[in-house]
Amino acid sequence: MLDDYAADVDSNDEVGDESQNTFGQDELDEAWQKYIKTYLSDKPRFSSLMHNYLPILKPDFVIGVEVESTLQVEMFKEIKSEVTLFLRTELENRDINLEVNEVANDNTSGKIYTVEDKFKYLSQLNPNIIKFKQLLNLDFD
């Protein structure tokens, strides 16, 4: 029985080598943009997120994405499995892994990307905005 398992593992390794396609940053960028156009046309928040934070190809088919906030990490987690599956299929490589990391924000340009970030910024300028949001029972979606 153990010999059968070893034979299966060996045959899976051979199949894995055949289906392992190498690719570069250009192919990754093209596949990334294709995913955005194909699957996120009706989800502007996710589309904007993926447009603003582009992937970086690292060794061993690790695709890194560096974001600026915990909220962005959580948003990526919502679509991570679908994006990873798409990239594995599109780039013909089943060893692709997507890693999303939060990096320290030393950006002094003050770019605001998400609706929540905009609300937070505006509410700091004028605290009455919080009252209006509550009074009108507004939501971000």
Q: Residues that are closer than 25 Å to Asp26 by Cβ and touching an Asp or Glu at 6+ places or on another chain (Cβ under 9 Å): find the helices (runs of 4 or more DSSP H) completely inside the stretch 51-141 holding 2 or more of those.
A: 70-90
Q) List pairs: first in the stretch 110-137 and closer than 23 Å to Val73 by Cα and touching a residue at least 60 places away in the same chain (Cβ under 8 Å), second of a type outside the set (A, V, I, L, M, F, W, C) and surrounded by 11 or more Cβ atoms within 10 Å (Cβ to Cβ), Cβ under 6 Å, 6+ apart or cross-chain? A) Tyr113/Asn52
Q. Mind checking whether some residue in the stretch 28-43 is surrounded by fewer than 15 Cβ atoms within 10 Å (Cβ to Cβ) and modelled with pLDDT under 90?
A. yes
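The values are calculated or read from the model by the stated rules, or taken from the named source; none is laboratory data. As the structure is a computational prediction, the values presented were derived from the model and not from experiment. Cβ coordinates were reconstructed from backbone atoms using ideal geometry, including for glycine residues, and neighbour counts include every protein chain displayed.
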